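One structure below.
The values are calculated or read from the model by the stated rules, or taken from the named source; none is laboratory data. Values in this document were obtained by computation on a predicted structure and should not be read as measured data. Cβ placement follows ideal geometry from the backbone for every residue including glycine, while neighbour counts extend to all protein chains displayed.
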Amino acid sequence: MQLLLAPMEGLLDFALRDTLTRVEAGQGAGAAGGGAAHVHPSGIDRCVSEFIRITDTLLPARAFIRTMPELRTGGRTLTGVPVRGQLLGSDPTLLAENASRLAELGSHGVDLNFGCPAKVVNRHGGGSALLDDPELIHRIVSAVRRAVPAAVPVSAKMRLGFNDDHRAEDCALAIEAGGASEIVVHARTKAHGYRPPAYWERIADLRAEVKLPLVANGEIWTVDDARRAQAASGCSSLMLGRGMVADPGLALAIRAALPEPAAPIPVEPICERNSPSALVGYGLSATQPAAIEGRAGSATAFTGQLGTHLPPHLPWAHIHPLLGSFWALVGQRVERRHRAGRLKQWLNLLRRRYPEAQVAFDELRTTNDADDLGAWLLRGRG
Ligand SMILES: Cc1cc2nc3c(=O)[nH]c(=O)nc-3n(C[C@H](O)[C@H](O)[C@H](O)COP(=O)(O)O)c2cc1C
């Protein structure tokens, strides 16, 4: 089982990648978390950077390093988790040139974004818009694969489709034929936005068509979600996004509760592909703001249901120091006027699990001054 940390533009940046990969078993997340020697103490095997948008030029090294400062430290987080840079664009030649540079800079592979729902990106034919054009997807993956050394993995992250999922198999096959070595499937269409549920059972359909390792993604907030995602998709490997930001002990808890399966999980049909249950919500327009991922207009646009109050896997006493180290990194890397927003975004997700984060969020809601937030952290009121 591989557990990957999702790319999340504007949220899961260098500072939060660093922070979430500092979590360790023994901090309350479950002793089995650190069991296998090859598993990183945080339970995370690999991170993916936020997307680096490729429009019309070969980017200079500093542009890659801005999004992925880990390139300065061997392509790894400070605690040693490999990070794979993600590219977003629609021009095969330009993507290939930039992928080559990214690989030279030391990225642990190149990931290609075929899922971004942002209007501005889709208007230019990138992100999830490519899911209507499997032939172009194939050309992009092939060009990138040819451009980077054989030892550098090329992977892709896709949604199930743009308006509907009828070309999901074609897209997965195009990615495989292009020479990628892994596909992460965010089990929703662009039209679904971030509206639950995630259609994990559709990943099982893709597994029946392609031989590549697939990784299931979407709506994994709890150990039970992870178990159900594995069963429905047939994938043992999972990518965790908002669930890990809301509950930083989630990866370790999943490892503790779901030991490595001895053999690939057999796929059991959950429902017929075209049954009403599989199609619930398909074709509906997104209710989420169509702002660029990570710059969504409202604080709750992608936080999911609040108020579930499931117990977190780490006590708040362990989260507070993480907030401190996160804040220190934000102070080094983020423009002053955006710093308060970064902390509030994380608190916004943490409050799904932690009443203390809810209190902090309410207290800090109207504060935009970095000094005030720093003072609040120092007072230890988190
Ligand atoms: C704020 C935000 C930013 C995101 N940015 C990216 C991105 O840069 N690249 C990408 O492939 N997916 C991006 N995604 C999608 C996530 O990687 C993931 O597929 C999605 O959140 C579903 O997983 P989750 O339910 O575990 O959060 C983003 C999602 C959110 C909410």
| note | Pro134 fails exactly one of (1) within 29 Å of Asn163 (Cα to Cα); (2) touching a Pro at 6+ places or on another chain (Cβ under 7 Å); (3) of a type outside the set (S, T, N, Q), namely (2)
| remark: Subset of segment 162-189, residues more than 12 Å from Asp205 (Cβ to Cβ) and small (Gly, Ala, Ser), comes to Ala174, Ala177, Gly178, Gly179, Ala180, Ser181
| task | Considering only segment 70-181, give the helices (runs of 4 or more DSSP H) lying wholly within it that have at least 2 residues that are in the same structural domain as Ala208 (by TED's automatic domain parsing) and more than 16 Å from the ligand (Cβ to nearest atom). | result | 92-104, 134-147, 168-178
| note | Going through (1) in a helix (DSSP H, G or I); (2) at pLDDT below 95 one by one, Gly26 fails only at (1)
| Scanning segment 220-240 for residues that are crowded, with 24+ Cβ neighbours inside 10 Å and in a loop (DSSP other than H, G, I, E, B), which turns out nearest to the ligand (Cβ to nearest atom)? | Ile220
| request: Check off (1) closer than 20 Å to Lys190 by Cα; (2) surrounded by 24 or more Cβ atoms within 10 Å (Cβ to Cβ) for Asp170 and give me the number that stays unchecked. | output: (2)
| task | Mind listing whichever residues of segment 185-235 are among the aromatic types (Phe, Trp, Tyr) and under 20 Å from His313 (Cβ atoms)? | result | Trp221
